[in-house]
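Below: the structure, in structure tokens.
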Amino acid sequence: MMDANDKVHMTGFDLPQEEMSQLHAAISHPIKKLREKTDFDVLELNLKKSSKGKVFNHQVRGRVHTRGKVLSAEDSDYNVFKAVSLVLEKILHEAEHLQRTSRQLP
């Protein structure tokens, strides 16, 4: 699934429509923060589910392509919303670090 307005590519997210709406609402704020820190070309989120008994473990991988750099992070959790949130948080921290270090260069 792709959201053209936010330059977000989401693959593997075969969630019910209601959960997808909640997920889009949950990621809108971190994407806005990421946009303030860097002018990214595309954000890719990939979901892979693995079952452990009757529950699913959600492994989320995220990549942001920006200014010739690729920022990436991954995390897993039984709650898909938490896993996505953690991945976006890690990528946001990487973007903040990239912004700080780029100001230090001559």
*Could you check the simple spin-label distance between Arg67 and Asp14, using points 7 Å along Cα→Cβ, in nm with one decimal?*
3.9
_Neighbourhood net charge (11 Å Cβ-Cβ; Lys/Arg +1, Asp/Glu -1) for Val64_ = +3
*asked:* Taking the 0 to 90 degree range and rounding to the nearest ten, how far is the long axis of helix 80-104 tilted relative to the main principal axis of the chain, both from C-alpha atoms?
replied: 10
_Let me check I've understood the local charge: for Phe81, count other residues with C-beta under 13 angstrom from its C-beta, Lys and Arg +1, Asp and Glu -1. What total comes out?_
-4
_HN-Hα J in Hz across the range 51-61 - Karplus 6.51, -1.76, 1.60, θ = phi - 60°, x for Gly and Pro_ = 8, 10, x, 9, 10, 9, 9, 9, 9, 10, 10
_Debye calculation, C-alpha points only, no solvent: report log10 I(q)/I(0) for the chain at q = 0.13 Å⁻¹, in the same order as the q values._
-0.47
_Average Cα contact separation per residue, the range 2-104, under 8 Å, 6 or more apart, as relative contact order %_ = 24
*asked:* Using the basic label-point model (7 angstrom from Cα toward the beta carbon), what is the His24 to Tyr78 distance in nanometres?
replied: 2.9
_Can you return the lysines within cross-link range of Lys49? Criterion is Cα-Cα under 24 Å, with same-chain partners fewer than 8 residues away left out._
Lys7, Lys82, Lys90
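Every number here is computed from the coordinates shown, using simple stated rules; none is lab data. All of these numbers come straight from a predicted model, not from anything done at the bench. Heads up, the Cβs are rebuilt from the backbone with ideal geometry, glycines too, and the neighbour counts pull from every protein chain shown.
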